[in-house]
Amino acid sequence: MEPAADPDYWRRRWEEGRIGFHEGRVNAELQEFWPALDLEPGSRVLVPLCGKAHDLRWLAERGHRVVGVECSERAVAEFFGEQGLVPERSRCGPFRVWDADGLRILEGDFFALEAEPEGPAFDAWWDRAAVVALPEATRGRYVERLATLLRPGARGLALVLERPDEPGQGPPFSVDADEMRTRFAPPLFTPPRELLRREGGGPPAEDGRAPRREEVVWRLERARA
Ligand SMILES: C[S@@+](CC[C@H](N)C(=O)[O-])C[C@H]1O[C@@H](n2cnc3c(N)ncnc32)[C@H](O)[C@@H]1O
C-alpha cells in the first residue's frame, strides 16, 4: 500500500509536525468561489480530510452546519485549541465526535463514514488537498464514498494540483483535468467545470528544479437522478 493511503502515515506526520499543507488562514479560493455555489445558510457542508484548516470556521460563520472528517487526533485537538473553542466529545460508531459552535469534526477514517439511515445528508462539500492527498489507487474509492454521502444536487468545490513533470509523486499527488472529468462524471456527478487555473502550488522540488505545477479550482455537483 502507498503510505499516503494509510491514516497512520498521516497521524505520524501530525505527530512529527510535518504539516506543510496547513495554510494557517482561510483559503483564498474558498472565499472567492464559495458564494457562487449559492447555498442556503443552514446547508450541511462536508469537509473531508479537513486537517485543522481555518476553512472549517469560515464555513460555519456563513451559517452552514459543518462536518469535517480527520484521522489525526492531534489535528482535531489543535483545531479546537487554536480556534479558542471548547468542544464536547462523544462517540458515534468508529468515530470520536468533537462538537463546538455548530462545528463538528469526526475523528476517524473517512472511508468508514456511512450515509445516515434516512439518506445522504450533505448539501455541499469543500475539498482542499483531500483528493490530491490520496494515491491514485485510493482516489476512486474516495470519490465513490463521497458520492454516497451527498444528497442529489449537492454542490462542491475542489482545489487540486497538477504536477505534469512529477507523475506519481506526492502527496500532494497530481490530479489532472482528464482525471477530474473521468472521476466526477455521470451517472454519479454532473460534468465538472473548471473555474480557475493558475501556476504554482505544492511542496518545493528537492533537487532545485522548477517543475511545472498548476492549481485548479473545480465546481462539482452530485447528479440528481
Ligand atoms: C493534505 S492534508 C489537507 C488538510 C486540509 N484539507 C487543509 O486544507 O489543510 C490531508 C489531511 O487528511 C487527513 N487524512 C488522510 N487520510 C485520511 C483518512 N483516510 N481519513 C481521515 N483523514 C485523513 C490527514 O491527516 C491530513 O490532515
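What follows is calculated from the coordinates using simple rules that are stated; it is not laboratory data. Everything quoted here is computed from the prediction, not taken from an experiment. Note that each Cβ is placed from the backbone with ideal geometry, even for glycine, and that neighbours are counted across all protein chains shown.
If you check Glu136, Glu116, Glu107 for being more than 8 Å from the ligand (Cβ to nearest atom) and more than 21 Å from Asp8 (Cα to Cα), only one passes: Glu116.
The set of residues from segment 173-201 being part of a loop (DSSP other than H, G, I, E, B) and either without any contact (Cβ under 8 Å) to a residue 24 or more places away in the chain or surrounded by fewer than 21 Cβ atoms within 10 Å (Cβ to Cβ) (or both) comprises Asp176, Ala185, Pro186, Pro187, Leu188, Thr190, Pro191, Pro192, Gly200, Gly201.
The single condition among (1) touching a Pro at 6+ places or on another chain (Cβ under 7 Å); (2) farther than 27 Å from Gly140 by Cβ; (3) within 12 Å of the ligand (Cβ to nearest atom) that His54 does not meet is (1).
Of all residues in segment 1-35, those satisfying the criterion of being more than 10 Å from the ligand (Cβ to nearest atom) and either of a type in the set (Asp, Glu) or not in a helix (DSSP H, G or I) (or both) are Met1, Glu2, Glu15, Glu16, Gly17, Arg18, Arg25, Val26, Glu29, Glu32.
Filtered by the rule that a residue be part of a loop (DSSP other than H, G, I, E, B) and hydrophobic (A, V, I, L, M, F, W, C), segment 207-225 gives Ala210, Ala223, Ala225. Going by the conditions given, is Gly170 within 17 Å of the chain's Cα centre (by Cα), assigned to a loop (DSSP other than H, G, I, E, B) and crowded, with 19+ Cβ neighbours inside 10 Å? Taking the combined requirement at face value, the residue satisfies it. Checked across segment 93-100, the condition of being touching a residue at least 12 places away in the same chain (Cβ under 8 Å) and under 17 Å from the mean Cα position of the chain (by Cα) holds for no residue. When Ser43, Ser72 are screened for being of a type in the set (S, T, N, Q), buried (at least 17 other Cβ atoms within 10 Å of the Cβ) and under 25 Å from Ser174 (Cα atoms), only Ser72 passes.
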